[in-house]
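Asker: Here you go, one structure.
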Amino acid sequence: MKKIKKILGVAVLALCFTLAAKADTQAAGKLTGIKQTDAGKSSINVSVDSVLGTDYYALELSSDNGANWTQVDKGTSANNLSDYSLSAGKSYYARVRGYADRDCTQPVTEYSDEIEVVTSPDTSNMKVVQTGATTSGFTVKFSNVSGANTYFINYNDQTIGKSGNSTVKTSSKLSPASQYGVKAYAGRKSKSGYTAYDKSRYKHDYFKTLTNAVGKSSFGLSSEFYNIDTYYFSVNVSGACDGTQLQFATPAGKVKKTFSGNSSYRLEKFINGNFYKYRVRTYVNCGSKKAFSKWSSYRYIGVAKKVDSKINRKSYSSKYKTLSLNWSKVNGAAGYDVYISNKRNSGYKKVKSLGANKRSITITKYGKGALKKSTTYYVRIIPKAKVGKKIVKSELYHLITLY
């Protein structure tokens, strides 16, 4: 019986040694939880999960994808391993091992997994320019950032655009005709998802979205000097833009001229003798190019170069007179409407509609009554043109005052 008890005791003792050995093997296994926690242009920080009974840890780095390793930090805690002698905007591989001694010569664990760690790029010479715009966003282009593989822009501390290459489009829907003051960052992202970038080194700039199409009531002729063929046009834009374009085309659609400027235009030796349809659009400067809004709807303008008028006071009655007018051709016009009134700004009655080749008329009546010799009359000659299937009238007309 004693012999059996002795055998059992030896067996239990052996089992205890086996379990203890197994526990030691587990304790000395591979470190887990390795991750990058910080970075600078020349530094990285990593951490691993602590292991009970392991007081010292060492960090090793490889710059050749794991072919060769160098111990760069040792005798430190599991959550604070670092190196400060690295290059900006670079990738390295890191691993950590636990040791029994501060000099890290007696390993007690296996190596952790190998992870890519990254340093932040040098962005001191970074440039960011706007390269595109829509009514709900814009596009920017980064340059002079060696080693960067992720780019993003923030507005009010929120990321509104991010990209793995140097061209970034906004992902948030922005307001049209607006200017946004953004912070632009460039960084380097590792395979594990950590992004190294300098939070204090960014490019601050202002970028714009496009306006919606300009309304017809927000642009047009502001003043005219017919005698010297000089006309002023203005554009009233609500919101942010860098400029406007004013375009003139024939009624058939052939573009004659496009002017670029701000909100006002002076046109000389261009309007008289022609019928044009014209429109405007806004633009935002995008480097050497421009991003344009949609064109507005068309407005129409046309006027003859010359109008001759004659008053015949020796009419069929001593009480009445007749008015004779003729005018030069308006290129692109399909005809002319003639109106008359005895008031300058109201009361106009249509006299007649004339075809393109009929440019003279004699007026004997105002409404149903004859023209009186003692009355001043005002005559409007309004060119009109065919645009598509529509007949449109010029907003500009000759006003002839006859006494």
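The values are calculated or read from the model by the stated rules, or taken from the named source; none is laboratory data. Computed from a predicted structure; not experimentally measured. So basically every Cβ, Gly included, is an ideal-geometry build from the backbone, and we count neighbours across all protein chains shown. Heads up: the accessible areas ignore ligands, DNA and RNA and are worked out on the full protein's heavy atoms, side chains in. Shrake-Rupley method; radii C 1.70, N 1.55, O 1.52, S 1.80 Å.
Asker: Need one number: nm distance between label points at Asn80 and Ser171, each 7 Å from Cα along Cα→Cβ, rounded to one decimal.
Answerer: Between Asn80 and Ser171, the label points sit 3.5 nm apart.
Asker: Can you tell me the relative contact order of segment 78-205? Whole percent, Cα pairs under 8 Å, sequence separation 6 or more.
Answerer: Values: 276 pairs, mean separation 29.5, N = 128.
After rounding, I find 23 percent.
Asker: Put +1 on the Cβ of every Lys and Arg and -1 on every Asp and Glu Cβ in the chain; which of Ile115, Ser192, Val307 then has its Cα farthest towards the positive end of the dipole?
Answerer: About the Cα centre, the residue reaching furthest to the positive side is Val307.
Asker: With the chain treated as a Gaussian network of Cα nodes joined by springs under 10 Å, which of Gly66, Gly132, Gly243 yields the largest mean-square fluctuation?
Answerer: For the chain, modelled as a Gaussian network with Cα springs under 10 Å, the answer is Gly66.
Asker: Which loop trypsin sites (Lys or Arg not before Pro) in segment 182-237, with loop taken from DSSP, have no more than 11 other Cβ atoms within 10 angstrom of their Cβ? If you can, show how the numbers build up before the last one.
Answerer: Numbers: sites: Lys183, Arg188, Lys189, Lys191, Lys199, Arg201, Lys203, Lys208, Lys216; in loops: Lys191, Lys199, Arg201.
Counting only loop positions with at most 11 other Cβ atoms within 10 Å, the trypsin sites (Lys or Arg not before Pro) in segment 182-237 are Lys191, Lys199.
Asker: Sequence gap at least 6, Cα distance under 8 Å: using those rules, report the relative contact order of segment 311-354 to the nearest whole percent. If you can, show how the numbers build up before the last one.
Answerer: Numbers: 41 pairs, mean separation 11.2, N = 44.
Result for segment 311-354 is 25 percent.
Asker: Write down the accessible area per residue of the chain in Å², having rolled a 1.4 Å probe over the full set of protein chains.
Answerer: On the way: 21920 Å² over 403 residues.
Using a 1.4 Å probe on heavy atoms only, each residue of the chain averages 54 Å².
Asker: How high is the FRET efficiency from Lys386 to Lys314, r the C-beta distance, R0 56 Å, rounded to 0.05?
Answerer: On the way: r = 40 Å, r/R0 = 0.71.
For R0 = 56 Å, the calculated efficiency reads 0.90.
Asker: Loop-only trypsin sites (Lys or Arg not before Pro) in segment 99-177, please: DSSP not H, G, I, E or B, and at most 14 other Cβ atoms within 10 Å.
Answerer: Those that pass, being in a loop and sparsely packed, are Arg102, Lys173.
Asker: Next question. Taking square-rooted eigenvalues a ≥ b ≥ c of the alpha carbon gyration tensor, is segment 141-180 rounded, prolate or oblate, where a/c under 1.5 means rounded and, failing that, a/b exceeding b/c means prolate?
Answerer: In terms of gyration-tensor shape, prolate.
Asker: Which percent of the accessible area of segment 170-269 is formed by carbon and sulfur heavy atoms (probe 1.4 angstrom)?
Answerer: Working: 2300 of 5400 Å².
The computed percentage sits at 43.
Asker: Calculated FRET efficiency, Ala252 and His204, Cβ-Cβ r, R0 45 Å, to nearest 0.05? List each step's numbers first, then the result.
Answerer: Details: r = 49 Å, r/R0 = 1.09.
Efficiency, from the Cβ-Cβ distance: 0.35.
Asker: What FRET efficiency, computed as 1/(1 + (r/R0)^6) with R0 = 45 Å and r the Cβ-Cβ distance, is obtained for Lys352 and Lys290, rounded to the nearest 0.05? Could the numbers behind the result be given before it?
Answerer: Values: r = 47 Å, r/R0 = 1.03.
About 0.45, to the nearest 0.05.
Asker: Tally up the carbon and sulfur contribution to the accessible surface of segment 273-375 as a whole percent, 1.4 Å probe, everything protein left in place. Write out the running numbers ahead of the final one.
Answerer: Details: 2410 of 5660 Å².
On segment 273-375, the fraction of accessible area on carbon and sulfur atoms equals 43 percent.
Asker: How far apart, in nm, are the 7 Å Cα→Cβ label points at Tyr403 and Ser374?
Answerer: The two pseudo-label positions are separated by 1.6 nm.
Asker: With each label point set 7 Å from Cα along the Cα-Cβ vector, what nm distance links Tyr232 and Thr32?
Answerer: 8.0
Asker: Can you give the net charge of the other residues whose Cβ lies under 11 Å from the Cβ of Gly287, counting K and R as +1 and D and E as -1? Working shown, then result.
Answerer: Details: positive: Lys127, Lys141, Lys289, Lys290; negative: none.
With Lys, Arg at +1 and Asp, Glu at -1, the net is +4.
Asker: For segment 236-343, what relative contact order do you get, as a whole percent, if you take Cα pairs closer than 8 Å and at least 6 residues apart?
Answerer: Working: 178 pairs, mean separation 24.8, N = 108.
It rounds to 23 percent for segment 236-343.
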